[in-house]
Amino acid sequence: MQELLAKVAKGAKTSKDLTWEEAKRAVGYLIEGQASPTQAGAFLVAMRMKTESVTELAAFTAGARQYVPPLAVAPRGPLVDLPMYAGKQDTFHVSVIAAIVAASAGVSVLMHGAEGPAERPGPPSLLAKLEIPTDQRPADVASALSSHGFAYLDMALYHPPIGRFIEVRRELGVRTFFHQVARMLNPARAASQLIGVSHPPYYEKTAEALRMLGTPRALVIRGVEGEPELSIASSTPMLELRDERITPLMIKPKDLGVALGTVREMAGFHAEHRAKEADFVKRLLNGEIRGGPRDWVVINAASLLYAGGKGPSIAACVPIAQQALDSGAAAKKLADLAVGHQLSAISR
């Protein structure tokens, strides 16, 4: 570890990138605890200062995957991997609603993440208010995903070392490459991934690293608050990886057939008001909330449907998402997810 640390921490002009094998060895030392706390902290900060190369990001992810088996999932339809690690501060959890809509329209969605700091809560607290489990063992998550088309996986329960390194952010004050590894980990090895990027240097590197890992299809999004979410109030940059080709896109609300919205229509709820957000989710799925908030859900559900191969473009998937809402299928899916959780709890 000392040799690897010396290579990346020599300074701006003399630091060097790790090779594929060196990067895999380094992440192994960290995961297995062979690196001392001092070495681990120094390495994480050194990589943050140097910035990770495409090869390093891909190798870190490949190395981390070796320590846990992929989820054994038999999804009802196309499976999309949806990592959520940025947390929310200003907007509501549109991805939670969009995933439920997409699941009701035939695309299975595995959402995974970690509860963030109090000022940037992730999906778990909202999902809990909707009676959707967030603390299931990996085997139970796989079963729920196969049965209902949607499930949430806590990274700390699936890959404890990564969960611990994500928590290190509270001590360091900055994110580390483990946040990006968690995003790219793809626990169920879904053929399609939808990944949000908050740190600009990771944008193109993430798409390149996914290509190096052999990912069949991915949408890398400079999304709202760093989550994999299209904005309704502005254009959203996106990179599409498909058949080993990376295509830059700029997604505009008007091109998707919805009116340009406002930031106010995306406004979120304070962490103490999670019950109000859960009620908001139910009312939106039941057709009681229209306008900008509904449109924001629709375009993000459409991006999941597109990632799952339900249409030739995101715009072509917008009517599918709208139909799922108008028909009541999305509201029924939420009810089914809650009932499924209750039955599972009773059986345990």
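List of remarks:
- Local electrostatic count, TYR202, Cβ distance below 11 Å [Lys/Arg +1, Asp/Glu -1]: +1
- Rounded to 5, percent antiparallel among DSSP beta bridges of the chain: 40
- For the chain, calculated [θ]222 nm from helices alone, where every DSSP H run of n ≥ 4 adds -39500 (n - 2.57): -14500 deg cm²/dmol
- Calculated FRET value between GLN34 and ALA335, using beta carbons and R₀ = 51 Å, to 0.05: 0.60
- Short to long, the 5 Å bins of the Cα pair-distance histogram for the stretch 169-213 hold 5, 18, 33, 22, 13, 7, 3 percent of all pairs.
- Cα-based helix-to-principal-axis angle, 202-212 vs the chain, degrees rounded to 10: 80
- Residue pairs exceeding 20 angstrom between C-alpha atoms, taken from LYS205/LYS254; LYS282/LYS310; LYS252/LYS282; LYS88/LYS332; LYS88/LYS276: LYS205/LYS254; LYS282/LYS310; LYS252/LYS282; LYS88/LYS332.
- Applying 1/(1 + (r/R0)^6) with R0 = 30 Å to the Cβ-Cβ distance of GLU21 and SER234 gives a FRET efficiency near 0.10.
- Under-5 Å amide H pairs with PHE150, H placed in peptide plane, nonlocal only: VAL109
- For LYS7, a cut-off of 19 angstrom between C-alpha atoms picks up these lysines, skipping any fewer than 8 places away in its own chain: LYS16, LYS24, LYS50.
- The stretch 175-195 versus the stretch 243-266: alpha-carbon centroid distance in Å: 22
- A 1.4 Å probe over all protein chains sorts ILE166, ILE320 by accessible area into ILE320, ILE166, starting with the largest.
- Dimensionless Rg ratio for the chain, taking C-alpha atoms and the 2.2 N^0.38 Å reference: 0.97
- Separation between Cα centres of the stretch 125-152 and the stretch 1-33, rounded to whole Å: 36
- Summarising the strand pairing of the stretch 160-286, around 70 percent of its internal DSSP beta bridges are antiparallel.
- Listed residues TRP296, TRP20 arranged by accessible area, highest first, probe 1.4 Å: TRP20, TRP296
- Relative contact order for the chain, counting Cα pairs under 8 Å that sit 6 or more residues apart, in percent: 20
- Taking a sphere under 14 Å around the Cβ of ARG294 and counting the other residues whose Cβ falls inside, with K and R at +1 and D and E at -1, yields a net charge of -1.
- Probe 1.4 Å - accessible area at THR55, Å² to nearest ten: 50
- Note on the stretch 7-157: Cα convex hull, mean projected area over all directions, 10.8 nm².
- Accessible-area value, ASP90, 1.4 Å probe, nucleic acids and ligands omitted, Å²: 100
- Counting protein heavy atoms only, the stretch 1-160 has 53 percent of its accessible area on carbon and sulfur, 1.4 angstrom probe.
- Helix axis angle, 94-104 relative to the chain longest principal axis, alpha carbon, degrees: 60
- Solvent accessible area, Å² - LYS7, 1.4 Å probe, full protein context: 50
- Local net charge near ILE320, Cβ-Cβ under 13 Å (Lys/Arg +1, Asp/Glu -1): 0
- Between helix 314-326 and the chain: long-axis angle, C-alpha atoms, 0 to 90°, nearest 10: 50
The values are calculated or read from the model by the stated rules, or taken from the named source; none is laboratory data. The structure displayed is predicted, hence computed values, not measured ones. Note that each Cβ is placed from the backbone with ideal geometry, even for glycine, and that neighbours are counted across all protein chains shown. What goes into the accessible areas is simple: the full protein's heavy atoms, side chains included, and nothing from ligands, DNA or RNA. Shrake-Rupley method; radii C 1.70, N 1.55, O 1.52, S 1.80 Å.
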